[in-house]
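Scroll down for the structure; my scribbles are underneath it.
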Amino acid sequence: MGRIRAILVTGATAVAAISVGTTPVAQAAGGTISGVVTDTSGSPIVGATVRAVGDEFGFIRSAAVSTDANGAYVISGLAANAQPWRVAAGAVGFVPSYAGAYKFTDAQTFPVTADEAYVVDFHLGQPTASVSGVITAPGGAPFAGATVSISRPSPPYFSDFTPAFDTSSFSKNVVTDASGRYTVTGLAPGDVYVSAEPPPTRRDLLLTFVDQVNLFPIAVPLVEGQTTAIDIELIAAATISGRITDPAGNPVRGAFVISSGFPFPEQGTTDIDGRYEITHLSPGLQGVFAFGPTGSNYLQT
């Protein structure tokens, strides 16, 4: 006879425990996870996939079942693992639920040491959130051809798990039209990052997140059935230029000059006059390092 624990899981919010008890329950040998999968209105979802994944001393074990006409499922015979089991649910047209997390490896865990029985109910939302807005150049002019990306703070992928579910509602890309406008539909509710990136030919502009630059984005909450308005003004890139000389003041041709700033290091090479220019840099403090040409005896500066 085992212990039974009940847990409610929603598609885009944190796990909420509704009860914990020690009620005896008849079950197959090993642990059991059972429950009901419904939509946000409480109607059962027939044919939803529920999968449990456990790591037993480095060997991935996986068990999957489909819900019945009442949205119910039972996964039994779960072995006692070195690592707890994780469980998630998904269905066509619904947002997968990773037990309250955006990343399967961060999902709620269920330890099995003997014959524990867990009751885990899922409420799956639909990907009906959307984002729309206008992307502008510095100064406010509409910018056509920018790529707007919607992404999760952490990807929900897990190698032995992802194929069971459609995660396309977690991230999408679109390109702004001639008026700088964009619309992204079919998104899962929850926190996302929104960024706009100019074409590769526009090195005078930077990848720009909502209210921040490059590696410091701010998460934006999306709500099921609602459109969130997000406008982004692209940030102008900075440029560093100068001249590299040897100790005698002579120009050094072919020296490598590298910046250490965000979003990624950029580099340039000196010309015949020892001059260089590095573009596509974020505003702010930058470290600049110079290296002598290949085969030279110059030290890094």
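The numbers here are math on the coordinates, done by the rules we state, and not lab data. Keep in mind it's a predicted model, so treat the numbers as computed, not measured. Here the Cβ is made from the backbone with ideal geometry for all residues, glycine too, and neighbour counts use every protein chain on show.
Amide H of T228 versus every other amide H placed in the peptide plane: which residues, excluding those fewer than 5 positions away on the same chain, fall under 5 Å?
Amide H to amide H, under 5 Å and 5 or more residues apart or across chains, T228 pairs with S130, V131, S132.
Ranked highest first by average number of other Cβ atoms within 10 Å, how do 170-179, 230-239 line up?
230-239, 170-179
If each residue's Cβ is checked for other Cβ atoms within 10 Å, how do I218, I272 rank with the fewest at the top?
In increasing order of surrounding Cβ atoms, one gets I272, I218.
Of the listed peptides 193-204, 243-254, what is their order by residue-averaged count of other C-beta atoms within 10 Å, with the highest listed first?
193-204, 243-254
Would you work out if the stretch 234-292 is rounded, prolate or oblate? Take a ≥ b ≥ c from the square roots of the eigenvalues of the alpha-carbon gyration tensor; rounded if a/c is under 1.5, else prolate when a/b is larger than b/c, oblate otherwise.
Since a/c reaches 1.5 and a/b is larger than b/c, the shape of the stretch 234-292 is classed as prolate.
What are the residues whose amide H is under 5 Å from the amide H of A48, where those residues sit 5 or more places off or on another chain and H is modelled from the backbone?
Counting only residues 5 or more places away or on other chains, the set is T67.
Determine, for each peptide in 136-144, 123-131, the mean count of other beta carbons within 10 angstrom over its residues, then list the peptides with the highest first.
Answer by packing, highest mean first, reads 123-131, 136-144.
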